[in-house]
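What follows is a single structure, written as structure tokens, with notes after it.
The values are calculated or read from the model by the stated rules, or taken from the named source; none is laboratory data. The shown structure was predicted, so the numbers you read here are calculated from the model rather than taken from an experiment. Glycine gets a Cβ as well: all are built from the backbone with ideal geometry, and neighbour counts include every protein chain shown.
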Amino acid sequence: MRISEVIPIFVTTGIFNVFKQMLRLRTDSLKSFSSKTALVFLFLLFNGFNPIHAQTHSFSGTIGKYPIYIEFTTEGSKVEGYYFYKNKLIDISFSGTYKAGVIAVKTTDGFGEVVENPEIFKFKWPNKAPLGTWTNKGKPSELKLLPLTAKETGSPKCTNPYLVKGRENLGQMTKVKLGLFKLKADGEPQLIQGVKIRHFTEVNTGIGLFRVDSGLVAEKLRDANLYLEYLQLSEFLGSLECASYSNYGFNFGSDYNFSASVGFVSNDFFCFSVFNTFYCGGAHPDETNYGVNFNLETHKQVESEDYLIPGKEKAFNERVYAYLSKENAGYFESGTPEDEMECEYNNPELWTTDCNFTFTADGLELHPSFPHYKAPCLQPEWSVIPYSELKDLIKPEYYSKLVKLK
């Protein structure tokens, strides 16, 4: 949530903060609170005493011939906001003033400071369709703004039930970006256990994920694709936020990569593993490896407590470690050539119920986590435990469905 979305919430609750402060006064202080003072306070409170309300305004428009979207918040004479080009979707922040009917703002960095050689916006305000100029390196261009339309903020993607639940109170600019989410098909459809899937890449960010074409009952196919859309939309927005953050004058650049390896799709679950690397500025990039296991009956992601029999957590940890250390001894003996990165796979804490996982046709694949400097240790290919090794630990209703995946 942007600061421009948070400000109005605080402003509208400001009146209650006044009462809170009154209630904090000691009893003796209240006794000295004269009736005249009380009447003045109440008069101001209910007859014209208003805090300065922050107001947020969103527009589409053009800089010269280039389509843009812009959002800014006015609070008294202060103005803060950002804009982005329609073909880029990366936020560029600005701040400035509102004086004598004119808003004048300059582009800023991530600390709110005006950047060297800033872009400058000037336009008359208030106005339903502001006109003005945008100047860059001394060269002005015409600025035209118009109110956002229902088409620009009303994409069906904004009503995806999983997105609505996961991201409450979508802002106007987020809705605009969701409307500019575009997919292109990648390659030929793929058949997995009798289910046909097709891969798609988002044009602006390169975020790729699959959809289910056929092979599931209609209701589950629809639900699977809604959740897959939600995941891809979330990564799409995350990639843009990363790029926008690094763009706020930090000069770090950004890098955001998301890849998914499909495990299987059935009428019970769809499961895949993700490898995500991102750099939005800072000392170093971040890497993460995790599994997505969606239960098409419960409409939720599966957690370890969902499929494990209660009270079997300790036995699970011990069984997993014993199996992996036996089958992959070279990785569990410190100082061996297989452990050149000093991953310390022989640390039992890596292989517990807290470890991320993916259901696969071959068994339960575990994804141990590591700090950045051990990123090459992520996603070991050998960390798969056959379901038969865990049969007495997995709930029967899960085990019967998982073993059918072969």
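List of remarks:
- If you go through the range 361-396 and keep only what is outside any helix (DSSP H, G or I) and among the charged types (D, E, K, R), you end up with ASP362, GLU365, GLU381, LYS391, ASP392, LYS395.
- Filter result for ASP255 (over 28 Å from VAL403 (Cα atoms), free of Cβ contacts under 8 Å to residues at least 40 places away in the same chain and not aromatic (Phe, Trp, Tyr)): yes
- TYR245 being among the aromatic types (Phe, Trp, Tyr) and part of a helix (DSSP H, G or I): yes
- For the range 268-279, the criterion of being surrounded by fewer than 16 Cβ atoms within 10 Å (Cβ to Cβ) and part of a loop (DSSP other than H, G, I, E, B) is met by none of the residues.
- LEU226 passes every criterion in (1) under 16 Å from GLU202 (Cβ atoms); (2) at pLDDT 95 or above; (3) not basic (Lys, Arg); (4) not in a strand (DSSP E or B) apart from (1).
- ASN293 meets each of the listed conditions (1) touching a residue at least 60 places away in the same chain (Cβ under 8 Å); (2) surrounded by fewer than 20 Cβ atoms within 10 Å (Cβ to Cβ) apart from (2).
- Some residue of the range 369-378 being under 26 Å from GLN193 (Cβ atoms) and crowded, with 17+ Cβ neighbours inside 10 Å: no
- Residue within the range 108-119 that is more than 29 Å from the chain's Cα centre (by Cα) and either polar (S, T, N, Q) or assigned to a strand (DSSP E or B) (or both) present: yes
- Some residue of the range 154-168 being out of contact with any Pro (no Cβ under 6 Å at 6 or more places or on another chain), polar (S, T, N, Q), part of a loop (DSSP other than H, G, I, E, B) and buried (at least 18 other Cβ atoms within 10 Å of the Cβ): yes
- Those residues of the range 103-125 which are over 18 Å from ILE68 (Cα atoms) and surrounded by 13 or more Cβ atoms within 10 Å (Cβ to Cβ), in sequence order: ASP109, GLY110, VAL114, VAL115, TRP125
- Neighbours by Cβ (under 8 Å, 6+ apart or cross-chain): first from the range 111-125, in the same structural domain as LYS137 (by TED's automatic domain parsing); second buried (at least 16 other Cβ atoms within 10 Å of the Cβ) and assigned to a loop (DSSP other than H, G, I, E, B): PHE111/GLY249; GLU113/GLY249; VAL115/ASP109; VAL115/GLY249; PHE123/PRO130; LYS124/PRO130
- Selection status of SER239, in contact with a Gly (Cβ under 7 Å, 6 or more places away or on another chain) and either among the hydroxyl-bearing types (Ser, Thr, Tyr) or surrounded by fewer than 18 Cβ atoms within 10 Å (Cβ to Cβ) (or both): no
- Residue within the range 95-107 that is modelled with pLDDT under 95, under 30 Å from SER246 (Cα atoms), under 37 Å from the mean Cα position of the chain (by Cα) and not acidic (Asp, Glu) present: no
- Condition met for THR358 (on the phi < 0 side of the Ramachandran plot, assigned to a strand (DSSP E or B) and touching a residue at least 24 places away in the same chain (Cβ under 8 Å)): yes
Yes or no, residue by residue, for (1) surrounded by 20 or more Cβ atoms within 10 Å (Cβ to Cβ); (2) at pLDDT 95 or above:
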residue	(1), (2)
THR288	no, no
GLU305	no, yes
PHE316	yes, yes
GLU349	no, yes
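- Residues of the range 192-218 that are assigned to a strand (DSSP E or B), without any contact (Cβ under 8 Å) to a residue 24 or more places away in the chain and under 30 Å from LYS404 (Cα atoms): LYS196, ARG198, HIS199, ARG211, SER214.
- Just one of (1) hydroxyl-bearing (Ser, Thr, Tyr); (2) modelled with pLDDT of 95 or more; (3) buried (at least 18 other Cβ atoms within 10 Å of the Cβ) fails for TYR345. It is (2).
- Residue check, VAL320 at pLDDT 95 or above, within 19 Å of LEU402 (Cβ to Cβ) and part of a strand (DSSP E or B): no
- Conditions (1) of a type outside the set (Ser, Thr, Tyr); (2) closer than 27 Å to GLN193 by Cα; (3) touching a residue at least 40 places away in the same chain (Cβ under 8 Å); number of the one not met by GLU303: (3)
- Residue check, PRO386 in contact with a strand residue (DSSP E or B) (Cβ under 9 Å, 6 or more places away or on another chain), without any contact (Cβ under 8 Å) to a residue 40 or more places away in the chain and surrounded by fewer than 17 Cβ atoms within 10 Å (Cβ to Cβ): yes
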